[in-house]
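A.B. asks: Please find one structure pasted underneath; my questions will follow.
The values are calculated or read from the model by the stated rules, or taken from the named source; none is laboratory data. All values derive from a computational prediction rather than experimental measurement. Quick reminder, even Gly has a Cβ in these numbers, built from the backbone with ideal geometry, and neighbours come from all protein chains shown.
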Amino acid sequence: MNPWIARNLVYRPATWLRGEPVFRLLRRYEQTQWWPAARIAALQEDGVRSILRHAAASTAHYGDLVREAGLDPATLETKDLARLPLLTKLDLVERGGRLQAPMRPGATSWKTTGGSTGVAVRLRKDRFATAAEQAASWRSYAWYGIGPGDRQARFWGMPQTTKARLRFGAIDFILNRDRFSAFAFRREDLGRYYARVAATRPAWVYGYVSMLVQFARHCLDEGLALAHAGVRAVVTTSEVLTPGDRALLADAFGAPVYDEYGCGEVGAVLYECERGTKHLMAENLFVELLPDPTPEEPEAARLVVTDLHNRATPLLRYDLGDRVVPAPPCACGRGLASFARVFGRAYDVVETSDGTRYHGEFFLYVLEEARERGLAVRQAQFVQTDADALELRIVASAEGGGAGAWMARELEARTAGRLRVAVREVGSIEREPSGKIRLIRALPLGNPARPVSGPAR
Ligand SMILES: [Zn+2]
């Protein structure tokens, strides 16, 4: 679809019909990003006070918490936020109803998100919050030269039921996106996908790292040039983007690669600017950084967010289970908080029987080192099979092996023998029901006997 038509005759009326002021907020966020940090902080302070008072007055969960803390719901101030406990994904699952505020019918929509805990979370979101989330994303995609209506090739999961397919088909049409299924990734599918990308010439490509890498590698191997397809940006999300994969994608698509960080519950949290700094979507989210250093990253902090807009299900002090490394103000001039890195999903930690913990980054470094040594690995996954054993699943490349054995030796040596590593060559890495691939499948912390099961993220 022509981008102008898609933007003005399809997407814009659709947002209007749904009562979602995406375009009004987008114009505002294009301004606020340039505000000085102090002015953005003041905006956030007002937002926190407002959502805090609303949550205390309108939800059973926060009403109780505020009273237990000896606070008066009517006079709550921003500083009182810190007196509330952190909110976890499990709270969302177990206390979903008590977190909801009454809203008039039609003022909200449901959002289902996969959880790293293996449990899907259903969340009610009001129209304004949904619009705010989309506006922040469009504001940031503009950094890459992408706007609403621009054609998108989306490498993503494919809904499995007819009803869901119809629904997502309509959403894809409204947003001018062409969907490439995570579940059909055989050689002939990849060939078909190339023909589709070459013919439709998407302005941008969006999707899971693992899918984009597999597609890009296929195109490079087969000598299928993508550069002439006119892709302006590649945006990756939801999985770890290693420096090696970033370089590979940039090479294959002939376009810059940007990594998005967020989650279904609060939407996008961080986007990379043109200078590579990760910026907070500060108009929508207030963040608290709880110091949580690692040996490699002494500045690292746990990321805890408060959604400033979702009045249907207020999320205050929501613990995302990830760490960030703060960065100095960015030379791009935006007042949005800056971060150098984000890493470490809660479940990415492998704990051995003596209580030693190995972070997901640890495994990622070994994988990157293997690639830097020229030991070809197409794909890898680290699966903890019991407390002291790891299975390294490898999709070896045609250029020959050696990578698995090298990584197994390195992992055993670097963990001082705490982990026995068995290498298993596989044809492909199994996807989660969502379509995503997990780089590390660890056993739950503190209870290494219980196996990981169910969908993730
Ligand atoms: Zn910047």
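A.B. asks: Give the number of residues within the range 219-249 that are under 20 Å from GLY435 (Cβ atoms) and either assigned to a strand (DSSP E or B) or basic (Lys, Arg) (or both).
C.D. replies: Qualifying residue count, the range 219-249: 4.
A.B. asks: Hey, among ARG323, ARG371, ARG341, ARG311, which residue is basic (Lys, Arg), more than 25 Å from LEU81 (Cα to Cα) and either part of a loop (DSSP other than H, G, I, E, B) or away from the ligand (no atom under 16 Å from the Cβ) (or both)? Outline the logic, then answer.
C.D. replies: Values: ARG323 fails: more than 25 Å from LEU81 (Cα to Cα); ARG341 fails: either part of a loop (DSSP other than H, G, I, E, B) or away from the ligand (no atom under 16 Å from the Cβ) (or both); ARG311 fails: more than 25 Å from LEU81 (Cα to Cα).
So the residue among ARG323, ARG371, ARG341, ARG311 that is basic (Lys, Arg), more than 25 Å from LEU81 (Cα to Cα) and either part of a loop (DSSP other than H, G, I, E, B) or away from the ligand (no atom under 16 Å from the Cβ) (or both) is ARG371.
A.B. asks: Can you go through VAL234, VAL304 and tell me which one is over 30 Å from VAL197 (Cβ atoms), among the hydrophobic types (A, V, I, L, M, F, W, C) and either crowded, with 20+ Cβ neighbours inside 10 Å or in contact (Cβ under 8 Å) with a residue 12 or more places away in the chain (or both)?
C.D. replies: Unique residue meeting the criteria: VAL304.
A.B. asks: Against the condition in the same structural domain as ALA229 (by TED's automatic domain parsing), hydrophobic (A, V, I, L, M, F, W, C) and farther than 23 Å from ARG167 by Cβ, how does ALA135 come out, does it pass? Please lay out each step first, then the result.
C.D. replies: On the way: in the same structural domain as ALA229 (by TED's automatic domain parsing): yes; hydrophobic (A, V, I, L, M, F, W, C): yes; farther than 23 Å from ARG167 by Cβ: no.
In short, no.
A.B. asks: Related question: Can you name every residue in the range 187-218 that is part of a helix (DSSP H, G or I), of a type in the set (Ser, Thr, Tyr) and within 18 Å of the chain's Cα centre (by Cα)?
C.D. replies: Start the filter on the range 187-218 by keeping residues that are part of a helix (DSSP H, G or I), which leaves 187-200, 209-218.
After this cut, where a residue has to be of a type in the set (Ser, Thr, Tyr) as well, the list is 193-194, 200, 210.
Matches in the range 187-218: SER210 only.
A.B. asks: While we're on this one: Would you mind stating whether ALA225 is in the same structural domain as ALA42 (by TED's automatic domain parsing) and within 16 Å of the ligand (Cβ to nearest atom)?
C.D. replies: Values: in the same structural domain as ALA42 (by TED's automatic domain parsing): yes; within 16 Å of the ligand (Cβ to nearest atom): no.
For ALA225, the condition - in the same structural domain as ALA42 (by TED's automatic domain parsing) and within 16 Å of the ligand (Cβ to nearest atom) - is not met.
A.B. asks: Name the single residue that is nearest to the ligand (Cβ to nearest atom) among those in the range 326-338 being of a type in the set (A, V, I, L, M) and crowded, with 19+ Cβ neighbours inside 10 Å. Show your work before the answer.
C.D. replies: First pass over the range 326-338, keeping only residues of a type in the set (A, V, I, L, M): 327, 331, 336-337.
Now restrict to residues that are crowded, with 19+ Cβ neighbours inside 10 Å: 336-337.
Numbers: LEU336: 8, ALA337: 10 Å.
Top of the filtered list is LEU336.
A quick yes/no check of all residues on (1) without any contact (Cβ under 8 Å) to a residue 40 or more places away in the chain; (2) surrounded by 15 or more Cβ atoms within 10 Å (Cβ to Cβ); (3) not aromatic (Phe, Trp, Tyr):
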position: LEU320; (1), (2), (3): no, yes, yes
position: ASP354; (1), (2), (3): no, no, yes
position: TYR358; (1), (2), (3): no, yes, no
position: ASP386; (1), (2), (3): no, no, yes
position: GLY404; (1), (2), (3): yes, yes, yes
position: ALA413; (1), (2), (3): yes, no, yes
position: ILE429; (1), (2), (3): no, yes, yes
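A.B. asks: Now a separate question. Under 9 Å by Cβ, and 6 or more places apart or on different chains, what pairs join a residue from the range 270-284 that is in contact (Cβ under 8 Å) with a residue 12 or more places away in the chain and assigned by TED's automatic domain parsing to the domain that holds GLN44 with one that is basic (Lys, Arg) and more than 8 Å from the ligand (Cβ to nearest atom)?
C.D. replies: LEU270/LYS278; TYR271/ARG139; TYR271/LYS278; GLU272/LYS278; LYS278/ARG341; MET281/ARG139; GLU283/ARG28; GLU283/ARG139
A.B. asks: Condition (residue is of a type outside the set (A, V, I, L, M), within 30 Å of SER140 (Cβ to Cβ), touching a residue at least 60 places away in the same chain (Cβ under 8 Å) and surrounded by fewer than 17 Cβ atoms within 10 Å (Cβ to Cβ)) applied to the range 67-86: is it met by at least one residue? Walk me through it before giving the result.
C.D. replies: Filtering the range 67-86 down to residues of a type outside the set (A, V, I, L, M) leaves 67-68, 70, 72-73, 75, 77-80, 83, 85.
Checking the rest, the ones that are also within 30 Å of SER140 (Cβ to Cβ) come to 78-79.
Imposing the further condition that a residue be touching a residue at least 60 places away in the same chain (Cβ under 8 Å) reduces the set to none.
No - not one qualifying residue is present in the range 67-86.
A.B. asks: Against the definition (part of a strand (DSSP E or B) and closer than 30 Å to TRP34 by Cβ), how does LEU316 come out, yes or no?
C.D. replies: Working: part of a strand (DSSP E or B): no; closer than 30 Å to TRP34 by Cβ: yes.
No: the conditions fail for LEU316.
A.B. asks: While we're here: Within the range 250-296, take every residue that is among the acidic types (Asp, Glu) and either surrounded by 19 or more Cβ atoms within 10 Å (Cβ to Cβ) or in a helix (DSSP H, G or I) (or both) and give me the one that is nearest to the ligand (Cβ to nearest atom).
C.D. replies: Filtering first and then ranking leaves GLU272.
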